[in-house]
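Enquirer: I'd like to ask some things about the structure below.
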Amino acid sequence: MTSIAIIDYGMGNLRSVAKALEHVAPQARVRVTQNRHDILTADRVVFPGQGSIRDCMRELAHWELIDVVRDAARSKPFLGLCLGPQALLDFSEENGGVECLKILPGRVVWFGELHDPASGERLKVPHMGWNQVHQVRDHLLWEGIPQNSRFYFVHSYYLQPTDEALTVGQSQYGFNFTVAIARDNLFAVQFHPEKSAQAGLRLLANFINWNP
């Protein structure tokens, strides 16, 4: 039986993520956990989150999970969701600047004042709601998901990886920005697949069957 650990550091829509995974993988053992052993012995690891990156890093340190996340991201199929991919990068501009996990090279950048390039109309921040995701590079987690499918977003900061090869998905909100990054056994998305209807469920199902 496949075991899936959802890292619980006190932030994130954990039950919704767990329910979505249980739906696409009814035979799997899905566990929301802070336990180091449970995470490191699981077959697959999901790193969700929402809210402030400073709070995220503080809680990871409080629960002694920073090294656990780094180890899991190096050693097994690993899926980051929403705040998860932001935490994987080097640094975030949020809260005056926060050092992140430094697993992947890059920064997290505030949207700032945005305008629609066609109409000139000011765009709201946070970027919230459904938006198309353009798959800029083939990946097994995109399998069965049509190009430019819509996913659900809630965020004021966006991913800016240093290495362009990390980007596997982009969206457009005033400009094109990275919403999905991948390297080796790691895949991470800015959007919420657990809230993204069939496209999101398909991505989670692909993760369950992914053997990098």
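The values are calculated or read from the model by the stated rules, or taken from the named source; none is laboratory data. What you see is a predicted model, and the numbers here were worked out from it, not measured in a lab. Cβ atoms come from the backbone with ideal geometry, glycine included; neighbour counts cover every protein chain shown. What goes into the accessible areas is simple: the full protein's heavy atoms, side chains included, and nothing from ligands, DNA or RNA. Shrake-Rupley method; radii C 1.70, N 1.55, O 1.52, S 1.80 Å.
Enquirer: Can you find a residue that is among the aromatic types (Phe, Trp, Tyr) and at pLDDT 95 or above anywhere in the range 53-75?
Expert: Scanning the range 53-75, I find no residue that is among the aromatic types (Phe, Trp, Tyr) and at pLDDT 95 or above, so the answer is no.
Enquirer: Still on this model: Any chance the range 175-191 includes a residue that's open to solvent by less than 50 Å² (accessible area, probe 1.4 Å) and more than 29 Å from residue 43 (Cα to Cα)?
Expert: Checked the range 175-191: at least one residue is open to solvent by less than 50 Å² (accessible area, probe 1.4 Å) and more than 29 Å from residue 43 (Cα to Cα).
Enquirer: Starting from the range 189-212, take each residue that is under 18 Å from residue 3 (Cβ atoms) and list its partners that are among the β-branched types (Val, Ile, Thr), counting only C-beta distances under 7 angstrom and pairs at least six apart or across chains.
Expert: From the range 189-212, the pairs are 204/24; 205/24; 208/2; 208/24.
Enquirer: May I pose another question? Looking at the range 12-20, can you tell me whether even one residue there is open to solvent by 20 Å² or more (accessible area, probe 1.4 Å), modelled with pLDDT under 95 and not in a helix (DSSP H, G or I)?
Expert: Yes - at least one qualifying residue is present in the range 12-20.
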